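Take a look at the structure set out below.
The values are calculated or read from the model by the stated rules, or taken from the named source; none is laboratory data. Just so it is clear, the structure is predicted and the values come from calculations on it, not from any experiment. Quick reminder, even Gly has a Cβ in these numbers, built from the backbone with ideal geometry, and neighbours come from all protein chains shown. For the accessible areas, the whole protein counts, side chains as well, though only heavy atoms, and no ligand, DNA or RNA atoms are used. Shrake-Rupley method; radii C 1.70, N 1.55, O 1.52, S 1.80 Å.
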Amino acid sequence: MTPGPISAQIVDYANRADPYPLYAELRKTPVRREDDGTYLVSTYYEVRNLANDPRLSNDTRNRPPGYARTADAEDTGLPPSFIFTDPPVHDQLRDTINRPFGPPHSPRFLDGLRGDLAKTVTELLDAFEGKDQVDIVEDFAYPLPVTAICKVLGVPREDEPRFHGWADALASSLDPQAGEEGQKKGQQARQDLGAYLSDLIETKRRHPGPGILSALAPDMTPQDLEATAVLLLVAGHETTVNAITNTTLTLLRHPDILDRFQKEPELAVPLIEELLRYEPPVQFVPWTTALADIDVAGTTIPKGSPVWLMLAAANRDPKRFKDPDRFDPDRKDNEHLGFYTGIHYCFGAPLARIELHLAVPELFRRVKFSRLLEDPPPYRANAVLRGPRHLPVAIEGVTA
């Protein structure tokens with residue numbers, strides 16, 4: 001192991017391609033205190049229990065001065081997004097936002113997107129025709145989730161070039177290594193994206209159209225809706241890009257399982273759930289704070305301490321998952337933490353699963369892959385939202 005605090009190694013780009021040996025080392029001390037007073041929790045049951053403990057806050061404004069906060073906690077002119085709040089505010093906002101998004105109020109909304117998203121998958125794969133290599137990220141994994149979240153919100157797809165940079169800056173600001181400069185860029189991006197969405201929301205108020213922004217406009221304050229729209233626009237595609245790309249990379253690294261998957265399309269459900277355990281798009285949650293002293297696995301986390309919940313480490317805890325470093329689509333009782341757990345369970349998980357189940361089977365049904373052109377591929381700098389920045393692959397053709 002490289003000398004130094006293990007959290008510094010986790011965020012070090014040199015370990016981005018394979019952080020799992022670090023996570024295995026971390027699990028030897030399920031609750032570890034770093035030199036700066038941050039506590040890293042890495043084993044499955046401890047992470048799950050803490051994520052469901054009301055004494056753990058998602059609002060980084062509860063942290064003592066000097067500790068990193070999210071861009072949501074700074075003066076951006078917007079209230080915090082609902083994932084960076086605690087009950088009762090969190091519950092009220094989430095319940096309001098969920099009404100036009102899914103059951104029980106709008107049970108057919110997401111299902112109604114399947115046809116358009118399937119068409120998008122087809123068009124993206126049709127564009128592979130005549131090429132001998134593609135970048136899975138740029139040519140497939142990025143444009144599909146962006147199209148999806150634009151449809152969900154009612155944001156014009158042609159505006160993607162405008163918000164792409166803002167989304168990148170905001171996502172990067174979640175990384176503990178972002179530093180003061182990264183936080184400032186995240187704050188500015190939140191303001192700029194908020195201003196863009198504010199104009200769009202005002203238009204939706206006057207002229208309602210498809211998408212949940214129009215549906216939410218009568219029920220939320222302009223500020224809360226703007227903050228929600230910023231969050232959903234960024235989170236609604238960033239994590240799914242990683243999920244599709246990590247799935248593609250893992251299957252290409254396991255040709256025996258890929259061959260079986262191509263012969264057994266019904267394997268899609270357990271295979272995708274295993275991917276969410278094995279290579280989760282969100283590796284850890286570094287923004288929680290103890291609101292009181294909390295005893296965990298023989299260690300007391302003092303009130304006010306920042307806590308990192310290491311989801312990817314917990315997903316490979318041998319006390320919970322047999323042979324956890326093996327990619328096994330036949331795994332039973334796969335209650336992974338790939339979409340987190342508790343009241344902050346990923347709001348967009350149903351949409352992400354729809355996208356994965358439309359994209360992954362069709363990708364491997366239609367495209368004849370030759371080989372990975374880089375392995376490991378270049379990864380994003382972000383340690384929290386971990387995934388390849390590019391995934392260049394050689395292909396031999398595309399079927400109808």
### Message
Of everything in the stretch 189-210, what is surrounded by fewer than 19 Cβ atoms within 10 Å (Cβ to Cβ) and in contact (Cβ under 8 Å) with a residue 60 or more places away in the chain? Give them in sequence order.
### Response
Gln191
#### Entry: Number of the exception - Trp287 against (1) touching a Gly at 6+ places or on another chain (Cβ under 8 Å); (2) modelled with pLDDT under 95
(1)
### Message
Residues to consider are Ala313, Ala268; find the one that is buried (at least 22 other Cβ atoms within 10 Å of the Cβ) and either more than 13 Å from the chain's Cα centre (by Cα) or among the aliphatic types (A, V, I, L, M) (or both).
### Response
Ala313
### Query
Across the stretch 211-245, which residue is least open to solvent (accessible area, probe 1.4 Å) among those that are in contact with a Ser or Thr (Cβ under 6 Å, 6 or more places away or on another chain) and assigned to a helix (DSSP H, G or I)?
Ala227
### Task
Restrict the check to the stretch 298-310 and report whether at least one residue is more than 30 Å from Asp35 (Cβ to Cβ) and either out of contact with any helix residue (DSSP H, G or I) (no Cβ under 7 Å at 6 or more places or on another chain) or of a type outside the set (Gly, Ala, Ser) (or both).
no
### Message
Pairs needed: first member in the stretch 276-302, in a loop (DSSP other than H, G, I, E, B); second member anywhere, of a type outside the set (D, E, K, R) and surrounded by fewer than 16 Cβ atoms within 10 Å (Cβ to Cβ); C-beta distance under 7 Å; at least 6 residues apart or different chains.
### Response
Asp293/Thr300; Asp293/Pro302
## Note on the structure
Within the stretch 12-52, restricting to residues that are among the hydrophobic types (A, V, I, L, M, F, W, C) and open to solvent by 20 Å² or more (accessible area, probe 1.4 Å), the one that is farthest from Gly342 (Cα to Cα) is Ala14
### Task
Only one of these is surrounded by 21 or more Cβ atoms within 10 Å (Cβ to Cβ), of a type outside the set (Val, Ile, Thr) and in contact with a helix residue (DSSP H, G or I) (Cβ under 7 Å, 6 or more places away or on another chain): Pro100, Pro80. Name it.
Pro80
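One line per residue, one yes/no per condition, for (1) within 19 Å of Gln183 (Cβ to Cβ); (2) touching a residue at least 24 places away in the same chain (Cβ under 8 Å); (3) more than 20 Å from the chain's Cα centre (by Cα):
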| residue | (1), (2), (3) |
| --- | --- |
| Pro19 | no, yes, no |
| Val31 | no, yes, yes |
| Ser42 | no, yes, no |
| Leu56 | no, yes, yes |
| Pro64 | yes, yes, yes |
| Tyr67 | yes, yes, yes |
| Phe82 | no, yes, no |
